[in-house]
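K.L.:
The structure is given below, and queries will be raised subsequently.
Just so it is clear, none of the values below were taken in a lab; they were calculated from the coordinates. Note that this is a predicted model, so its numbers are computed, not measured. Neighbour counts are summed over all protein chains in view; Cβ atoms, including those assigned to glycine, are modelled from backbone coordinates with ideal geometry.
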Amino acid sequence: MKKITAILLTLITLSTFAQTKQMNTGEILQAIKRLNVVGNVLYVAAHPDDENTLFITWLSKEKMVRAGYIAMTRGDGGQNLIGSEQGEYVGLLRTHELLGARSVDGGEQYFTRANDFGFTKTTEEALATWGKEQVLADLVWRIRNFQPDVIVNRFPPDSRAGHGHHSASAVLSEEAFKAAADPTKFPEQLKYVKTWQAKRLVWNSFSPNFQNNQPEGSFVKIQLGDYNPLLGKSYSEIAAEARSMHKSQGFGSAKTKNQRVDYALHKAGEEAKNDLFEGIDLSWKRMKGGEKVEKLINEVYNNFKPQNPSTSIPKLIEVFNAISALEENVWTNYKKKEVQELILACAGLWFEANPTDYSVSPNDKIKVNVNVVSRSNSNITLEKLVFKGTNQDTTINKKLVYNDALNIAYELKIPANTPITQPYWLVERKENGFYKVTDQVLRGLPMKPADLTCEYTFSIEGKAFTFTTPLSYKYVEPSDGEIYRYFEVRPEVTATIAEKVYAFGDNSPKDVVVTLKAGKKGVSGSLTLEVPKDWRIEPASINFDLKDKYEEKKVSFKVYPSNTASEITLKAIAKTNNGVYDRGIATVEYKHIPTLTLFPFAEAKALRIDLQKRGNQIGYIAGAGDEVPAALQQIGYQVTMLTPTELAKDLSQFDAIIVGVRAYNTEEHLKFFQDKLMDYVKNGGNVVTQYQTNAFYGVSKVKEIGPYPFAIGRGRVTDEKAEMKVLKPTHPLLNTPNKITEKDFDGWIQERGLYFSDKWSDQYETIFSIKDANETEQEGSVLYAKYGKGNFVFTALAFFRELPAGVPGAYRLFANMISVGK
């Protein structure tokens, strides 16, 4: 039974949020044809947005095999072009963008536990940081679950991949191809699954990689862009819709309607000469007794009536029974699921269970409306409902009448031990480069299957079927229509600290505001803020009484730092009669994904920094996903966000103006103010421009972003511990008002910097020389120029990561850049 459980969990992966699947007649015919294809393909890459959505669409909708995409990471280290989320928050966002893409291209989504720690140039660093054996185990686990006939790598296993994560995904895939078949590898998995040997491993390339007019190896040429008349679209159009779900990365794609050719280059296993599936039987003949199933499916297809799909239900039930009579395996389990979806579609049967509110707390009650409707004249009876996770059920025995909705209301008591709705990989604290997931069966799923579900037992034309949907909240937004969101189980109280980092430049205290939020009615207790002994808190605790559900109360503690430089963690602890709560609440909300709520630890970093600064008034031009302004406010700067309206005003009031990361890439209006910014410098102002990409003259069309010419390349240093060689020890940027030393570069995260300048006018001075291992020194991380009475600084150092992360030395160096000349 354990092996079956693992397989079934895989099958319901996408049901965490999905409702009853609805199909038009073209999609039903496509799905019937797909029933006769028995084969699986696993696509392997490193990040969200790495996958070839066209290849996955072709697999799913032309070859009609089961197609899965496994990304090594959730993209936690990537940037977000549509908001300010970073780290695990952007990872959660990009997880759901992938789920959106798969809902379009027909694939399934999986992951490993690896954390995207940012750009790396080497396979070795990626594998060392992730923990090679752990990630390899996850990939082997997915292969053994999914049992692919073919494994497809997106990247080559070497430097041509362009990113250490990319090449590492290919290296791991080649090892996992063999390891999945070896019972001595990760034997603990064999309690749930069996070993598996895929037929072949290929690299999906856009070219056959001709070298000296010779191909790298054997390859298969694949035409991907065909038109599907049942779907009314070409595969390239469908793929573009899927690709465009990656909005946080700015990957909206045009719907091209022409043919495209890709290549599958042989890497391991049996070579294919003419076809990707050469030598693989994708029919029911691959298993004993399958010929009968194939014959029945052909009868369903040949006798399908588009105007009355329900006439196919009796024969589909025969198909289901015939599959059930075969030996249970990954294919039969999946095909039974597909048949059930077709029966629902042909019957026009719809059902869902909607709580009247979007959240509940353990040991509380919630009203749920169950809605069932059949849009056919099929003989269907709703026999029973079971609310999984609540130990409540009810017998119905109600025959459904055509288009007459059955609405039933229930009040459910939520057990006290129901876990909160937290992304499963964020329940425990992550290790460096790796998320901790103790439950083997959950590893790799995009989201944990819902704890609270409704199970419906129907009699359909005399055959009993049981289906399950998660409880999901539904509401109507006048400007957008009907919207679904996850139904959440929340702590009865959360305590959210206002800032991620509190930076103390001197001994003056700061007010730390904590927002208490009730998850149910009538929550009372006390809140404390924990700090080490050499820090002080006033008051010691604060009592609270929240009468209404969702009621918020802001309370404030005065925090006194230590006398010497130190770094601590502030912890908010709420105590009620029912327990102790140490979680805050955060929301990720965009229109293209469901609203996502998570409950991070109620903590913040606090720094006592040896910091001096000159000047106080800062003008800030926001870039992409920019959290630097809040960090500057922490050390006492008055920050004014410079919108086009503010830029049009007198700028002389500012001690410095800071340009956010990629602002020239994203803010078209900057082209109208560039001359004014340079005049501001010439007249005595300071401008600090953070990294831009080498297409900085794209939307803004600015010829030069500094007072003198310089070019931006693609140079970067990904080793956050790389030595910072000082070129000009006496330079003001290193001495005034803070003396910058080697210690100030301790504790940096993810990288030193990116998109360094690679050419510059001799009017600029360079300050540092840095490099990654086995590479040449780069001097373009910081450029400084005196211009008129003022100063211009370009910095490609990763302040946009270091300041929000609370790196003390980054604060000190950035304060010097702001203060230069003052």
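K.L.:
Only Cα pairs under 8 Å and at least 6 apart count here; give the relative contact order of the chain as a rounded whole percent.
P.N.:
Details: 1905 pairs, mean separation 81.0, N = 822.
Relative contact order of the chain: 10 percent.
K.L.:
Highest first, please rank the peptides 648-659, 95-106 by the mean number of other Cβ atoms sitting within 10 Å of their residues.
P.N.:
My ranking of the peptides, most packed first, is 95-106, 648-659.
K.L.:
Follow-up. Only four residue types carry charge here, +1 at the Cβ of Lys and Arg and -1 at the Cβ of Asp and Glu. Report the dipole size of region 39-275 about the Cα centre in Debye, rounded to the nearest 20.
P.N.:
Rounded to the nearest 20 debye, it is 500 debye.
K.L.:
From the gyration tensor of the Cα coordinates in the chain, what semi-axes in whole Å does the equivalent ellipsoid have, largest first, with each one equal to sqrt(5λ)?
P.N.:
Working: eigenvalues 509, 240, 113 Å².
The equivalent ellipsoid of the chain has semi-axes of 50, 35, 24 Å.
K.L.:
Run the quick spin-label model on PHE601 and SER103: label points 7 Å from Cα toward the beta carbon, then report their separation in nm to one decimal.
P.N.:
Result: 3.3 nm between the two label points.
K.L.:
Decide, for region 39-275, between rounded, prolate and oblate: order the square roots of the alpha carbon gyration tensor eigenvalues as a ≥ b ≥ c, take rounded if a/c falls under 1.5, and otherwise choose prolate if a/b is larger than b/c, else oblate.
P.N.:
Judged from the Cα gyration tensor, region 39-275 comes out rounded (a/c under 1.5).
K.L.:
Report, by chain and number, residues whose modeled amide H sits under 5 Å from the one on ILE767, excluding near sequence neighbours (fewer than 5 apart, same chain).
P.N.:
Close amide H contacts, sequence-distant or interchain: VAL782.
K.L.:
Which distance in Å, rounded to a whole number, links the C-alpha centroids of region 701-753 and region 151-193?
P.N.:
Taking the Cα centre of each part, region 701-753 and region 151-193 sit 37 Å apart.
K.L.:
My understanding is that a pair violates if its Cα-Cα distance is over 27 Å; which of LYS21/LYS463; LYS571/LYS822; LYS500/LYS703; LYS703/LYS743; LYS448/LYS591; LYS295/LYS336 do that in this structure?
P.N.:
Result: LYS571/LYS822; LYS500/LYS703; LYS703/LYS743 exceed 27 Å.
K.L.:
Now, a different point. Taking a ≥ b ≥ c as the square roots of the eigenvalues of the Cα gyration tensor of region 493-608, is the shape rounded (a/c under 1.5), prolate (a/b larger than b/c) or oblate?
P.N.:
oblate
K.L.:
Hey, another quick one. Using packing as a proxy for protection, rank 137-149, 196-208, 406-418 so that the peptide with the highest average count of other Cβ atoms within 10 Å comes first.
P.N.:
Going by the mean number of other Cβ atoms within 10 Å, highest first, we get 137-149, 196-208, 406-418.
K.L.:
Follow-up. Can you sort THR394, THR112, THR730 so the residue with the fewest Cβ neighbours within 10 Å comes first?
P.N.:
With the sparsest Cβ surroundings first, the list reads THR730, THR394, THR112.
K.L.:
Could you work out how far the C-alpha centroid of region 380-413 sits from that of region 585-600, in angstrom?
P.N.:
Centre-to-centre distance over Cα atoms comes out at 30 Å.
K.L.:
Could you tell me which of PHE756, TYR691, ASN417 has its Cα farthest along the dipole of the chain towards the positive end, charges placed at Cβ (Lys, Arg +1; Asp, Glu -1), taken about the Cα centre?
P.N.:
Toward the positive end, the furthest listed residue is ASN417.
K.L.:
Under a point spin-label approximation (7 Å from Cα along Cα-to-Cβ), what is the GLU775-THR564 distance to one decimal in nm?
P.N.:
Once both label points are built, they end up 3.7 nm from each other.
K.L.:
Contour minus end-to-end for ARG714 and SER84, with contour as 0.36 nm per residue of separation and end-to-end as the Cα-Cα distance?
P.N.:
Stretched fully, the ARG714-SER84 segment lengthens by 224.5 nm.
K.L.:
A further question follows. Determine the distance separating the Cα centre of region 626-657 from the Cα centre of region 487-542; give it in Å without decimals.
P.N.:
Cα centroid to Cα centroid, the span is 28 Å.
K.L.:
So which of LYS132/LYS191; LYS221/LYS285; LYS257/LYS285 end up more than 25 Å apart by C-alpha?
P.N.:
Result: LYS221/LYS285; LYS257/LYS285 exceed 25 Å.
K.L.:
With each pseudo-label sitting 7 Å past Cα toward Cβ, what's the LYS285-LEU727 distance in nm, one decimal?
P.N.:
Using points 7 Å along Cα→Cβ, the separation is 7.0 nm.
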